[in-house]
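One structure is given here, and the rest of the page talks about it.
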Amino acid sequence: MRNSIAIAVPLRLRPNISNTLPHYKFRPTCFHSHEGHTISCVPDPRPQAKPMALHFEILGRFNRARAAQLTLPHFVCQTPLFMPVGTQGTIKGLTNNELERIGCQIILGNTYHLALRPTSELLEEAGGLHNFMNWPRAMLTDSGGFQMVSLLHLADITEEGVTFQSPVDGKPMLLTPEESIQIQNRIGADIIMALDDVVRTTITGPRIEEAMYRTLRWIDRCIAAHKRPHDQNLFGIVQGGLDPELRDICVKGLVERNLPGYAIGGLAGGEDKDSFWRVVAQCTAALPEDKPRYVMGVGYPLDIVVCSALGADMYDCVYPTRTARFGTALVPEGVLKLKHRAMADDTRPIDPTCPCMVCKNYTRAYIHCLVTKDAMGSQLLSYHNLYYMMRLSRNLHSSIVEGRFPEFVRDFLRTMFPKGDVPEWVCNAMEVAGIDISSCCAPFPPCQENDSSNELEQLNKVKIEI
Amino acid sequence: MKFAVKKALSSGGARVGVLEVGSCPAPIETPALLLATRKGLPHFISPDLLPSLPSPDSNLLQVSPLHFLEGLSTTTISKIGGLHQMLGLQQHGIAAVPRDSIQCLPESKAATKLGASFETPCGRLLIKPKDYVEMISCMQPNIWASLADEVPAWVSEKRNKTSVDRTLRWLDDCISLYPAAGSIFGAIVGGTNLEERKRCAEEVAKRNVSGYWIGGFGLGEGIDERPALLRAVIDILPDEKPRLTCGLGLPEEILQGIAAGIDLFDSTYIYSLTVGGFALTFSLDNSREQHSLQSDQIGSDLTKINLRATAYRKDMSPILENCTCYTCKNHTKAYINHLLNVHEMLAQILLEIHNTHHFLRFFHVIRTAIRDGSFEEFRQAFLESRREHFKGEAIST
């Protein structure tokens, strides 16, 4: 019954408070199968049936922002945190001990790529991806769905799952929610993601609603297929495009399943920033306080600071490592393009405030002569960029815990926007987050003619007035 | 730089020495390996991983000044404070040699009386002594080879003779242009002509240099021609100054060079192995049991394994069981096989670490054999072990 979308009734679950279930309050009693029939299904009432393999303890707050300790089977993490993407079982060009040294807590593996090579069966034989790559800390795998949609031209999404053409031999293949969870069970990460029907936010129309409801139907299939709830945490993903009503329905539907954690999906795909932050704000407000919130595909340091102010905890993105391979370094002021000819005789470090191995030992000039020509260039830049992201994560966590989060945000914005041209979407978001950034924003006196001493004077005046 | 011979074999040229250079944490024993670099750093091993290699064995690097012509001016290098500062390798010994045998190769046809020619990634470059010395003075390496006109084995006698004349002239230019240099090693060339080799060596020996860079090898001469050429040169050179050579890369060639009396080698062997996906596995056991392992390895010749082979897909053991390098202590053949299949840079990093570690251990074992007086036996056993699998095949066919 593929056309059931328009008449689909959002799943109504009767909350059933049971005394025999110490971990959660709601017990779903029925769900729709993909054929559209209502199946009466009473999940195993024993506590092991849906345990959580994580512990989330909030250590500090500022309004919506929170700093927490996230205890996972392999590692105890501090949030907010950024997860580097190790697509194929490695973070490009960095060894495990380098990752540990820069403070990396969780890495992300892409199920799609790993299922192709070296295959989830081999990983299972090897004792899981942790063992295979000898990574002692935490790991998260995505469902594989997004990769398919973005990488494969002929990916088509049906109620059954994602159909695609195998890149190996061109045969038509199908990734179902069950299959995705099975693969992720074999890979063995601490956190696994439900297969969701993801659509780009730049699309409009009924497809978004279809995707949202399907995501809810699929979460139940994921839950049923999940064989290792004791040591792997299944996160649901909130979809619904940029439509607040759809997002709301999705959040409620997922929360009723009482999952260990929730992700906000379908963003970071080219939507305008104003819509982006509003969706994040809406979702973080509606998601439970005591569970981690993961904004997928974010991203730029500025976006991470804003989302953290709005109450998100976890982030992932290929940006830091990918931009390193193009010769771009992340710095407090924004980015530094090491390929630029001006760098050829710049003997300063990439970031004088950064204590990483690269900034302590190398000049922009030397990195300039390496980048895009020698592998070592992108290795060193990846190291620095990831260090930058880890440092940002640590600073977010500690500034919240130590009660100086607003100051941190203001410092961050002032450094990135010394002229006070903080984007409007950031100002709006910070207002909702309850953080006063008026001292970071223009208007400054209109002396645009590079009267730098005057500008500096004005800036200093503003700083003192806070 | 200080060098002293500690033990020389009475029978031949092999000797153990001690080299003190720059701010290396400890004196370095020779025969020793200079690690190949690209723009001053290893090709793949990032600098924070260098300390995991045996020290001080791994503290000698060979750097080609020509690498920096692509994108980094000598003034900037000077401003930064020289190579050691720029590379963050203050505790390493750096030997500057224009030829790196991988990407900067001597082009004898384009050399002129004004300078040597090299094929490089930036194109064909003519390097004049004055420019060369300027690079050296900005880079401040610990050791540097004078500019040489290297020619391949097949050039005419006339061309060969010219190469010796030019090389001597350029040596004098280098010395006069930069007398207060780091330690200059006089370049000795002469192709495959014994007389020219002797002539060059005699002339260079007259100059005030700290050591000798014996070039012109690895350019088409037969491996059997080499011992005589090396002998001819080394017999003339004073014992107490170190000898560095270039172009002798394979273990057999290294042993050949050591037997003749060479102290320092740069080698492209590690690089070639690494980019090919190979890992060294030959036994470093000093006994004659050189080939006790892996006789059934696919794609293996008992001295190295090709980790691209599907045989290693599920092999959860390290490359070598008792190897103490970072790669063998932390990763399996299966993981490296996977990395190679998905074209991940980490594969080369891990392989370069292991191969460097193993090759440095090879040198260590050689030094021990020289000290024990068993170098010749060691050398014979080693050469035979590398031919063992050929013997096996010949019998079975």
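Odds and ends about this structure:
- Within the accessible area of segment A:70-117 (1.4 Å probe), percent carbon and sulfur: 54 percent
- Acute angle (nearest 10 degrees) that the helix B:129-139 long axis makes with the longest principal axis of chain B, alpha-carbon atoms: 60 degrees
- Segment B:102-221: mean projected area of Cα convex hull, nm²: 7.0 nm²
- Distance histogram for segment B:59-130 (every C-alpha pair counted, 10 angstrom bins, percent rounded to whole numbers): 19, 46, 29, 6
- Charge dipole (Cα centre; +1 on Lys/Arg Cβ, -1 on Asp/Glu Cβ; no other charges) of the protein assembly as shown amounts to roughly 480 debye.
- Taking every DSSP bridge with both residues inside the protein assembly as shown, close to 50 percent are antiparallel.
- Per residue of the protein assembly as shown, the DSSP helices (runs of n ≥ 4 H) give a summed -39500 (n - 2.57) that works out to -11500 deg cm²/dmol at 222 nm.
- Restriction of the GluC sites (Glu not before Pro) in segment B:239-268 to DSSP coil positions whose beta-carbon has at most 13 other beta-carbons within 10 angstrom yields B:240.
- One Cα centroid belongs to segment B:3-70, the other to segment A:307-386; the line between them spans 30 Å.
- Furthest towards positive pole of dipole, B:106, A:321, B:209, structure part the protein assembly as shown, Cβ charges: B:209
- Links that overshoot a 28 Å alpha carbon limit, given the list B:39/B:79; A:419/B:79; B:2/B:109; B:161/B:206; B:109/B:241; B:79/B:109: A:419/B:79; B:2/B:109; B:109/B:241; B:79/B:109
- Ligands, DNA and RNA aside, residue A:339 has an accessible area near 110 Å² when probed at 1.4 Å.
- Contact order, relative form, for segment B:1-121: 20 percent (alpha carbon pairs under 8 Å, 6 or more residues apart, mean separation divided by residue count).
- Pairwise inverse Cα distances across segment A:130-209, averaged and inverted, put the Kirkwood hydrodynamic radius at 14.0 Å.
- Lys pairs under 23 Å by Cα in segment A:284-398, provided they are eight or more residues apart or on distinct chains: 5
- Per residue value of the accessible surface for segment B:187-293 (all protein chains in place, 1.4 Å probe), Å²: 34 Å²
- Ranked order, B:379, B:169 - accessible area, probe 1.4 Å, largest first: B:169, B:379
- Counting only Cβ charges, +1 for Lys and Arg and -1 for Asp and Glu, the dipole size of chain B around its Cα centre is about 520 debye.
- Aspartates and glutamates whose Cα lies under 12 Å from that of residue B:113, excluding same-chain neighbours fewer than 8 positions away: B:149, B:165
- Segment B:1-156 pair-distance distribution - Cα-Cα, 5 Å bins, rounded %: 2, 9, 16, 19, 18, 14, 12, 7, 3, 0
- Two-decimal ratio, chain B, of alpha-carbon radius of gyration to 2.2 N^0.38 Å: 0.98
- Rounded Å value of the spacing that divides the Cα centres of segment B:231-256 and segment A:416-430: 66 Å
- Interface B:A - total buried accessible surface [probe 1.4 Å, Å², rounded to 100]: 3400 Å²
- Relative contact order (%) - criterion: Cα under 8 Å, at least six apart; region: segment B:64-122: 32 percent
- Rounded to the nearest 20 debye, the dipole size of segment B:316-382 about its Cα centre is 100 debye, using +1 on the Cβ of Lys and Arg and -1 on the Cβ of Asp and Glu.
- Solvent-accessible area, 1.4 Å probe, carbon plus sulfur percent, for segment A:351-419: 50 percent
- Which of A:101, B:308 is most accessible, then next, and so on - probe 1.4 Å: A:101, B:308
- When the solvent-accessible area of segment A:174-258 is split by element, carbon and sulfur atoms take up 54 percent of it, the probe being 1.4 Å.
- At least 50 Å² accessible surface lost relative to isolated chain, residues of segment A:366-392 (1.4 Å probe): A:366, A:369, A:374, A:376, A:379
- For the protein assembly as shown, diffusion coefficient by Stokes-Einstein and Kirkwood Rh (Cα), 4 °C, 1.567 mPa s, µm²/s: 42 µm²/s
- For segment A:123-228, the solvent-accessible area works out to 38 Å² per residue, with a probe of 1.4 Å and every protein chain left in place.
The values are calculated or read from the model by the stated rules, or taken from the named source; none is laboratory data. Keep in mind it's a predicted model, so treat the numbers as computed, not measured. Every residue, glycine as well, gets a Cβ built from its backbone with ideal geometry; the counts of neighbours run over all protein chains shown. For the accessible areas, the whole protein counts, side chains as well, though only heavy atoms, and no ligand, DNA or RNA atoms are used. Shrake-Rupley method; radii C 1.70, N 1.55, O 1.52, S 1.80 Å.
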